[in-house]
Amino acid sequence: MQLSLAGLWQISPLTDLSIPQDDITFPAPLSSVLPESLSEDAITEQEWHLMHDIEVDEAMMAVPFVELVMAGIDYYAEVRLNGVGVFDCDGSEVEYRKDISPYLQLGRNRFEILFLEEEEGLLLEEDMPEVLVHDRQISDSRIGVWKAPYLQFVRNVKLEQVVTEQIWHHGGGCEFKVDVIYQTLKPGLISASVKFNGMKLVLPIDVRAEHTGVIFQVEAPIISDINHPNPKDLYNLEVEIDGQVEVSKISLNPASCVSNFLR
């Protein structure tokens, strides 16, 4: 089950307190509800506080794993729940995820997004740990939230990763391998579905294992340009397990015979 956190979010200024408060629904730039006299540069130079309240009932509290998912934030922001820091949106991830079940409480819960000026690190560059830099596109030059945040409730099996691999044959054609890596939270009769190139397969989940997978035969694959793919040449991949859905566009090319981690 997913619970959208699209809105309404109350937006308040932290720099110029004369700017009036308003409500905003995401995805949207902050400027969509701010006075027209404020330029985008002026909005970016200031700090902002956004908050959104939800009611959590006993059924939600009984779910063992609740993940907060946020993406489409291109400016530094701190995310909090009930006053506790959950994560920082600092450009290190394409999509930010965290189990927030320890922070949830029965009744009203408050989510906050604070667009703040990022503090300079105290560590010297050579002392800093290596961070994986993701090749991601900026959603928009305007400050805002460009994908609606949501909560993912998981009762039995948590989707950890989807790994794909292309196996090309010298005589033509290829095999497309999809591995689904999961974690069992609570035993139950659960299955995973994998849909690729119009074919859908349902795979039973062994709660004693951590992995399942399938191989699709592609007899006449459409080879796309890796660096500049034509959207018409891409294949749709959809993986669903216990209410969690991972959707990706796949480019088939003999040069892509490596494992790709989609999550």
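Give me the lysines in straight-line cross-link reach of LYS186: C-alpha distance below 20 Å, same-chain residues under 8 apart excluded.
LYS98, LYS158
Within 10 Å of each candidate Cβ there may be at most 15 other Cβ atoms; applying that plus a DSSP loop requirement, which GluC sites (Glu not before Pro) in the stretch 150-216 survive? Mind dumping the intermediate values first?
Working: sites: GLU160, GLU165, GLU175, GLU210; in loops: GLU210.
Passing both the DSSP loop test and the Cβ count: GLU210.
In whole Hz, with x marking every Gly and Pro, tabulate ³J(HN,Hα) for the stretch 91-106 from phi via Karplus 6.51 cos²θ - 1.76 cosθ + 1.60, θ = phi - 60°.
Once rounded to whole Hz, the list reads x, 7, 9, 6, 9, 9, 9, 7, 6, 10, 4, x, 9, 6, 9, 5.
Given H placed 1.01 Å from N in the peptide plane, which residues other than close sequence neighbours of LYS98 have an amide H under 5 Å from its amide H?
Distant-sequence amide H within range of LYS98: LEU68.
Would you pull out the residues with amide H under 5 Å of LEU185's amide H, same chain only if 5 or more places away, H placed 1.01 Å from N?
VAL157, LYS158
Convex hull over the alpha-carbon atoms of the chain: what's its volume per residue in Å³?
In the chain, the Cα hull volume divided by residue count equals 173 Å³.
Tell me the relative contact order for the chain as a rounded percent, counting alpha carbon contacts under 8 Å between residues six or more apart.
The normalised contact order for the chain reaches 18 percent.
Using the Karplus curve 6.51 cos²θ - 1.76 cosθ + 1.60 with θ = phi - 60°, what ³J(HN,Hα) values do you get for each residue of the stretch 159-164, in whole Hz, with x for Gly and Pro?
Karplus-based 3J(HN,Hα) across the stretch 159-164 equals 6, 8, 8, 10, 10, 10 Hz.
Explain nothing, just the number: relative contact order of the stretch 165-263, from Cα pairs under 8 Å at least 6 residues apart, as a whole percent.
31 percent
When all alpha-carbon pairs of the stretch 40-120 are counted, what percent fall beyond 16 Å? Walk me through the numbers on the way to the answer.
On the way: 1803 of 3240 pairs.
Result: 56 percent of Cα pairs exceed 16 Å.
Read-outs throughout are calculated quantities, based only on the coordinates presented, and are distinct from any laboratory measurement. Please read all numbers here as calculations on a predicted model, not as lab measurements. Methodologically, a virtual Cβ is constructed for each residue, glycine included, from the backbone with ideal geometry; neighbour enumeration extends over all protein chains shown.
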